[in-house]
Amino acid sequence: MFESLSDRLTGALKDLRGKGRLSDSDIDATAREIRLALLEADVALPVVRAFIAKIKERAKGAEVSGALNPAQQVVKIVNEELVGILGGETRRLRLAKTPPTVVMLAGLQGSGKTTLAGKLAKWLQAQGHTPLLVACDLQRPGAVQQLQIVGERAGVSVFAPHPGTSVGGGDNELGVSASDPVEVAREGVAEARSKQYDVVIVDTAGRLGIDEELMAQAAGIRDAVQPDETLFVLDAMIGQDAVSTAEAFREGVGFTGVVLTKLDGDARGGAALSVREVTGEPILFASTGEKLEDFDVFHPDRMASRILG
Ligand code: GDP
């Protein structure tokens, strides 16, 4: 990811090298190149516009300082603004004052929620937490089992309804309807409370596209478990659709943070660069592969440095 954007940006900035002083037209020409590079990388138009306006304003107003030549100064400005649109500071996962912390995952089917549930659980466990995974994706066949496999790999417990049982079904030891994800979520949190798990990760159902039933279900789970964090899981490969998907989830369910997945892919990076600005919510984590280890806290400054090469 970002290879092409990275090449284009470094190319645009390279043209400034060796110039003793930058005229307004030098800056305008560079800004034009940067604009094209961002648009080509599928960064959302309003984000590109605001970004370019800031770069121009800052570059034209920049005092020539002793330490940096004009070209380096522009690179510094671009870097700082990139860090800014990526969220500025690293935003840590917020833990509840009184455990358990409830983390709900929402996003489209295939965005990587179930995989992320395992990654997050493993990551939390490495820091001394005792996470419990709760399987509330009762829509997709095999999703519950997939979470159980992920849980097993991560070495964490999974709370799931028994298949084929209904409300009050006698042989379901959890007493949970296999068809009611809201009830599973509620029971899962109660289980965590009684067995002293300190973080509950609630995996929810996703669809291939936005649909009202999905949103209503996720909102129902949210109301039932009152999450401390609702993480919107966004596949960075979906390109320009990322913005409308994020907005639909923001309106339908609401979220407190974003997790970018599939950053190892060859997408152009626009989703990653747009989502923070468009939704106003921070990116907390980045997922970079199918394995449980391919996961880390998201650092805006490191991502910006990677983009600028
Ligand atoms: P869900 O439907 O949202 O629960 O998505 P899954 O967790 O089942 O993931 C969908 C597919 O994407 C699976 O094949 C995962 O192995 C894959 N996947 C998840 N995260 C990543 C990632 O960060 N990088 C890559 N390359 N694949 C991923």
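Below, the figures for the structure above:
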{"item": "Region 103-132 residues that are at positive phi, paired with ones that are small (G, A, S) and near the ligand (Cβ under 6 Å from one of its atoms) (beta carbon under 9 Å, 6 or more apart)", "result": "G107/G206; G110/G206; G112/S287"}
{"item": "Identity of the residue in region 189-205, crowded, with 24+ Cβ neighbours inside 10 Å and within 16 Å of the ligand (Cβ to nearest atom), that ends up farthest from V102 (Cα to Cα)", "result": "T204"}
{"item": "Scan of region 206-223 for residues that are surrounded by fewer than 17 Cβ atoms within 10 Å (Cβ to Cβ) and among the small types (G, A, S), ordered by number", "result": "G209, A216, A219"}
{"item": "Test for V258: is it surrounded by 23 or more Cβ atoms within 10 Å (Cβ to Cβ), of a type in the set (V, I, T) and out of contact with any Ser or Thr (no Cβ under 6 Å at 6 or more places or on another chain)", "result": "yes"}
{"item": "Any hit, region 130-139, residues being within 24 Å of the chain's Cα centre (by Cα), open to solvent by 20 Å² or more (accessible area, probe 1.4 Å) and farther than 25 Å from V243 by Cβ", "result": "yes"}
{"item": "Among residues of region 100-124, those that are buried (at least 22 other Cβ atoms within 10 Å of the Cβ) and within 12 Å of the ligand (Cβ to nearest atom), counted", "result": "14"}
{"item": "Number of the condition not met by E152 [criteria: (1) away from the ligand (no atom under 16 Å from the Cβ); (2) within 28 Å of V184 (Cβ to Cβ); (3) of a type in the set (D, E, K, R)]", "result": "(1)"}
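The values are calculated or read from the model by the stated rules, or taken from the named source; none is laboratory data. Predicted model only: the values in this text are computed from it and were never measured. Virtual Cβ from ideal backbone geometry, glycine too; neighbours counted across all protein chains shown. Just so you know, the surface numbers come from the protein's heavy atoms only, side chains and all, with ligands and any DNA or RNA stripped out. Shrake-Rupley method; radii C 1.70, N 1.55, O 1.52, S 1.80 Å.
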